[in-house]
1. So, for the chain, what is the accessible surface per residue at a probe of 1.4 Å, expressed in square angstrom?
2. Within the chain, what is the longest stretch that has no GluC sites (Glu not before Pro) placed in a DSSP loop and near at most 16 other beta-carbon atoms within 10 Å?
3. Excluding residues fewer than 8 places away in the same chain, name every one of the lysines whose C-alpha is closer than 23 Å to that of Lys178.
4. Calculate the FRET efficiency for Ile71 and Met226 from the Cβ-Cβ distance with a Förster distance of 41 Å, rounded to the nearest 0.05.
5. How much of the accessible area of the stretch 172-251, probe 1.4 Å, is carbon plus sulfur, in whole percent?
6. Looking at the calculated P(r) for the stretch 43-120, what percent of the C-alpha pair distances fall above 22 Å?
7. Find how many whole Å separate the alpha carbon centroid of the stretch 72-132 from the alpha carbon centroid of the stretch 18-61.
8. If we restrict to alpha carbons, what Rg and Dmax does the chain come to, in Å?
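The values are calculated or read from the model by the stated rules, or taken from the named source; none is laboratory data. All values derive from a computational prediction rather than experimental measurement. All Cβ positions, glycine included, derive from the backbone under ideal geometry; neighbour counts span all protein chains shown. Note: areas computed on protein heavy atoms with side chains; ligands, DNA, RNA excluded. Shrake-Rupley method; radii C 1.70, N 1.55, O 1.52, S 1.80 Å.
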Amino acid sequence: MKERIGLIDIGSNSIRLVVFQVEDNLAMREIQNIKIPARIFQYITDDNEMSQEGIDTLARIIGAFAKEAAILKADRILPKATAAIRQSKNRDDIIDQVQKKTGVTIELVPEKMEAFYGFSAVAHSMSDRDGISIDIGGGSTEITLFKDKNLVEFFSFPFGVVSLQERFFEGKDFNDAKAIKETRKFVKQSFAEHPFFADLQLPIFAIGGSARNVARVHQMHTKYGMAGLHEYTMSPEEIDDVYNIFVEQTMKDMLKLEGLSSNRADIIIPAIIVFQELIQAVARPSLNSHNKGYVKVSSMNI
């Protein structure tokens, strides 16, 4: 009998429901895919606890997704949560309240498992056998090193696009020069403290919404003629070109920028800074067509 599964991905920036059906040949057919840019990380207080408003918002979305999964006759629901809840001191209370209000029990994804999911998606969907994967979320960034399609090393950095925006850009313009400088310094220092990927000259495989938005903007800007993002390749110079496009815009223009989702307009600069700093760490030698200094985008949703 074919099984339908409702996966609820509770990220720090967005919450997504994907309902898919497992076919007889074990292939998975997507039935529904809904995303809400909830940004639940913004509800984390200075005491590192999620506020009651945040818990209520989370419960409301989870409850709505559970009802949608039931309408689509999902046999089971898999609610998986990452950094925003994982890093909260009151995570047990969050899980308990959501369970009581919705009947859904949230499962926390450990840092290592979250990194493994990203590596696994790259290893099974990309042709390259060696490389580094990066998945920038709202509250954490997972980086893995893999060789011959085997996971060698991983690290989860406790910052993401939403937390970087709140820490350095709060109350400032999205392209504030001082905030950009401070963000870049912080990310560079964070990478320097955990240099397992330094000077490897390996390709970087970028996963997630920020990577897809950067790639789409570049495609639009260069009038790229082919459809699709998967395995779309960008050089460090092309990443820099997109960065320059972002910092030169007004917020009004950013909201209309082709290829950029409007709900990422205020957080895309912290994301592309992370990409730039990782490139500097990984591919420090001179970048030319013969080395591994490039970024490939995975269209996989992790």
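1. In whole numbers, the chain has 48 Å² accessible per residue.
2. 24-169
3. By straight Cα distance, Lys178 reaches Lys188, Lys252.
4. The pair Ile71/Met226 has a calculated efficiency of 0.65.
5. Values: 2130 of 4040 Å².
That share works out to 53 percent.
6. 29
7. 9
8. In Å, with Rg to one decimal and Dmax whole: 19.2, 58.
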